[in-house]
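Accompanying notes for the structure given below.
The values are calculated or read from the model by the stated rules, or taken from the named source; none is laboratory data. These numbers come from a predicted model, not from an experiment. Using ideal geometry, Cβ is built from the backbone for each residue, glycine included, and neighbour counts are taken over all protein chains shown. Areas reflect the complete protein model, heavy atoms only, side chains present, ligands, DNA and RNA absent. Shrake-Rupley method; radii C 1.70, N 1.55, O 1.52, S 1.80 Å.
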Amino acid sequence: MNGRVLRGLPLGLLALSCALSIATPAAAQRRHADRGLQRELEALTRGFHGDVGVYVRHLATGATAMIAPDDTFPTASMIKVPIMVGVFDAMRRGAFAFSDTAPEPRALARYPEDDILAGLSDTARITVGRLLTLSLTYSDNSASLWLQQLAGTGTAINEWLERNDFAVTRVNARTPGREAEYERWGWGQTTPREMARLVTFIRQGKAVSPAASEEMYRHLTRSFWTGEALSQLPPTVQAASKQGAVDRSRSEVVLANAPSGDYVFCLITRNQQDESWKPANEGYALLRRVSALLWRHFEPRHPWTPAPGAEALKP
C-alpha cells in the first residue's frame, strides 16, 4: 500500500491496517500452536534430569509445539551443519570446487577417537566432497575441523549466519573473539528453533543457492547414526538429520519427508545428570520417545514401530 492511499484512509482504518500488518512472533505462535501435541510433548519431557529445548513444526500446516525454543544450547556435532553451509558458500565464491583435492592446511589437531580421517597418513589426499561425506555422514571431527578452515574459519561461517538472520547459532571453537563462548558452550551454540530453521532453509533451497541446497540436503539424508530419533522413523521414509553429543548434552535435528507432509524438529538437552554413553542414556531415550510421538501424531494413517531386535543393529 503506497503513501498516498494511506493518507486517504480514515484514522480508524489506518490504525486497523497497521495493526493487521504487524504480526508479533508470540501471536504467530499462538495461531499455529498444536495444543494436543504441546501437552504430549510437555508430558514426555517432564521430570527430565537436566534442561530440555524442543522445537517442532509441520511445514505444510504451520502447526508448532515447543519447549524453550529460543534458549541457547550447545550444538555438539550439530555445528557441522553450519560448517557445511560455510563450505558451500566458499565454493560459491570460487575458493575451491567440490571435486578438488582439499587444499592444505588440514586441521591443526586431530581427534583420536574413531575418526576415519585421523587414521589416514599426513600425506593422504582427499577431495572436498569426500570430506563433506565424512563430516555429515560419519560426524568425523577431524574432517569437520579441516572443512571449517576451508570455509574461511568460524569467522566466515558466523558472518553467513548473521547475514541470514541466525542470531544465536555460532561456531565458537578456533574462532577469534569467541573464547568465552567456547568455554561455556563448546564447539558451537544454537537454539532449537534456529537449528530447525537452518535445516528447513536448506530443504527450501534458500541456503547459498538452490543447487547448493540440494546437495547439502543429500548429505544430510545419509547419516550413519540411526540409533536415536531416526530409529523411530520407517526406513522407507527419507529424513535429513544431524546428531550431537557431549557428556552433558544430547541433540538431534530431523526433517522428515513424511507421507502427509514434511515436518522438522530439533531437541537439545543441557546440564544432563546422566553422562553415560549407553543407548539407555536419558537424553538418547528422550530423543527416541519424542521422535516416536511425532510420527504417531503427524502420521496416524501410517502406523509403524521398529522391528524386534532392531536396537541391537544400531551404531
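Taking θ as phi - 60°, what are the ³J(HN,Hα) couplings along region 140-156 by the Karplus curve (6.51, -1.76, 1.60), each to the nearest whole Hz, with x for Gly and Pro?
5, 5, 5, 4, 5, 5, 5, 4, 4, 5, 4, 6, x, 6, x, 4, 5
Accessible area per residue, 1.4 Å probe, Å², for region 65-215: what's the number?
42 Å²
I'd like the projected area of region 225-268, averaged over all directions, using the convex hull of its alpha carbons. Report it in nm² with one decimal. Let's see the in-between values first.
Numbers: hull surface 12.1 nm².
The orientation-averaged projected area of the Cα hull of region 225-268 comes to 3.0 nm².
Working out 0.36 nm times the residue gap between PHE48 and ARG301, then minus their Cα-Cα distance, what length gain in nm do you get to one decimal?
Length gained, PHE48 through ARG301: 88.1 nm.
Tell me, what % of the accessible area of the chain is carbon and sulfur with a 1.4 angstrom probe?
Result for the chain: 54 percent of the exposed heavy-atom area is carbon or sulfur.
If packing is taken as the average number of other Cβ atoms within 10 Å across a peptide's residues, how do 259-267, 55-63 rank, most packed first? Each step should come with its number before you reach the end.
Working: 259-267: 21.6, 55-63: 19.0.
The densest-packed peptide leads the list: 259-267, 55-63.
Semi-axes, largest first, in whole Å: what does sqrt of 5 times each Cα gyration tensor eigenvalue give for the chain?
33, 27, 19
Enumerate the amide H contacts of ASP140 below 5 Å, restricted to partners 5 or more residues apart or on another chain; note that Pro and chain-start residues carry no placed amide H.
SER135
Which of the lysines could be linked to LYS314 by a straight reach, that is with a Cα gap under 23 Å, when you skip same-chain ones fewer than 8 residues away?
Once the sequence-local lysines are set aside, what remains near LYS314 is LYS80, LYS242, LYS278.
Got the relative contact order for region 30-75 handy, in percent, Cα pairs under 8 Å and 6 or more residues apart?
With pairs under 8 Å counted, the relative contact order is 40 percent.
Is there a quick way to get the dipole size of region 223-315? I mean about its Cα centre, with the Cβ of Lys and Arg at +1 and of Asp and Glu at -1; what is the value in debye to the nearest 20?
Dipole of region 223-315, to the nearest 20 debye: 80 debye.
Using Cα pairs closer than 8 Å and at least 6 residues apart in sequence, work out the relative contact order for region 38-197, in percent.
Details: 228 pairs, mean separation 46.5, N = 160.
After rounding, I find 29 percent.
What distance in nm separates the two pseudo spin-label positions at ARG31 and GLU159, each 7 Å out from Cα along the beta-carbon direction?
3.6 nm
With contacts defined as alpha carbon pairs under 8 Å and 6 or more residues apart, what's the relative contact order of the chain in percent? Could you put the intermediate results ahead of the total?
Working: 520 pairs, mean separation 66.9, N = 315.
Value for the chain: 21 percent.
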